[in-house]
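A.B. asks: To start, I am sharing the structure in question, which I have written as structure tokens.
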Amino acid sequence: MALAMENSEKDAARAILRWYAEMGVDEAVAAAPADLQTWGKTERSPAPKPRAEPISAGPVATPIFDSQTLAVPADEAIASAKAIAAGCDSFEALERAVLDFEGCPLKAGARNTVFADGVPGADLLVIGEAPGRDEDSIGKPFVGRAGQLLDKMLAAIGRSRTENVLISNVIYWRPPGNRTPTPIETSICRPFVDRLIDITKPKALVLAGGAPTQALLGLKGIMRARGVWREIETSDGTPIPVMPIFHPAFLLRQPANKRLAWHDLLSLQARLTED
Ligand code: URA
């Protein structure tokens with residue numbers, strides 16, 4: 001049996017690695033693969049028969065994890081997130097709750113939970129999409145190239161995360177290969193996002209990019225949604241002005257749109273300085 005790889009096998013292996021790299025899979029994060037495509041679906045393969053009868057059949061706590069897939073069923077995860085988020089009365093409690101939350105399958109493949117960065121009492125809250133590789137390794141939102149551009153954009157209107165802005169995302173764990181978060185993943189994180197808005201009650205909420213715009217306003221198409229002020233309500237009915245803007249990563253790819261982004265920033269500055 002030939003132990004050495006044939007050249008054709010090496011070429012095939014190189015081709016697979018190249019494909020992984022192109023898809024953004026640039027590091028191994030878990031020893032065993034997780035099938036995220038089938039996660040959360042109600043139909044599962046039948047459970048294997050128990051090898052022996054249990055010794056005692058006393059009351060058993062309902063496990064949140066499915067013993068076959070080690071995944072939390074989506075509806076249970078969403079219900080659990082809602083209950084936990086509703087019980088949080090401060091930014092610190094909410095942050096702790098998100099760090100401890102085990103209901104989102106993305107957590108299994110992430111290095112860090114990325115909740116928020118900046119000043120919790122700030123009157124400006126910026127919500128983006130999801131952590132990327134840099135955010136995942138550091139545990140803070142918007143710290144990569146896009147984050148640096150976001151910081152510059154905010155600085156242009158006198159805002160910084162050390163003084164007067166809070167930054168978060170609609171997803172708290174890096175999706176593998178930076179893929180778009182699924183609607184289920186977004187729904188699981190959503191109660192925490194809503195609670196963050198409830199607790200901080202910002203004077204202005206900015207949605208950076210199409211994903212948070214779709215998640216929080218139900219609007220598709222950032223080209224049309226950007227720059228327009230709308231309102232959402234907190235759980236106690238407080239109206240919060242909200243405006244979508246271009247995602248800074250999009251502006252890095254298409255700098256010609258910075259002109260429109262500047263227009264939106266001026267509108268934001270005007271809103272924040274209003275009485
Ligand atoms: N893009 C986002 O939307 N959020 C981050 O935290 C980083 C990049």
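A.B. asks: Please give the number of the condition GLU129 fails out of (1) in contact with a Leu (Cβ under 9 Å, 6 or more places away or on another chain); (2) under 23 Å from LEU268 (Cα atoms).
C.D. replies: Exception for GLU129: condition (1).
A.B. asks: Still on this model: Just checking: which of the helices (runs of 4 or more DSSP H) contained wholly in segment 217-275 hold 2 or more residues that are more than 16 Å from the ligand (Cβ to nearest atom) and farther than 14 Å from LEU124 by Cα?
C.D. replies: The helices (runs of 4 or more DSSP H) meeting that bar are 222-225, 258-273.
A.B. asks: Hey, among the residues in segment 116-133 that are surrounded by fewer than 22 Cβ atoms within 10 Å (Cβ to Cβ) and more than 10 Å from the ligand (Cβ to nearest atom), which one's nearest to ILE245 (Cα to Cα)?
C.D. replies: ASP123
A.B. asks: Name the residue that is surrounded by the fewest Cβ atoms within 10 Å (Cβ to Cβ), counting only residues in segment 192-221 that are free of Cβ contacts under 8 Å to residues at least 40 places away in the same chain and of a type in the set (Lys, Arg).
C.D. replies: In this case the residue turns out to be LYS220.
A.B. asks: In addition: If I go through segment 134-180 residue by residue, how many of them are surrounded by fewer than 17 Cβ atoms within 10 Å (Cβ to Cβ), under 20 Å from GLY210 (Cβ atoms) and either within 12 Å of the ligand (Cβ to nearest atom) or among the small types (Gly, Ala, Ser) (or both)?
C.D. replies: 3
A.B. asks: For segment 236-248, give me each residue that is out of contact with any strand residue (DSSP E or B) (no Cβ under 9 Å at 6 or more places or on another chain) and of a type outside the set (Ser, Thr, Tyr).
C.D. replies: ASP236, GLY237 - these are the residues of segment 236-248 that are out of contact with any strand residue (DSSP E or B) (no Cβ under 9 Å at 6 or more places or on another chain) and of a type outside the set (Ser, Thr, Tyr).
Coordinate-derived values only; no laboratory data. Because the structure is a prediction, the values reported are computed rather than measured. No Cβ is skipped: glycine too gets one built from the backbone with ideal geometry, and neighbour counts run over all protein chains shown.
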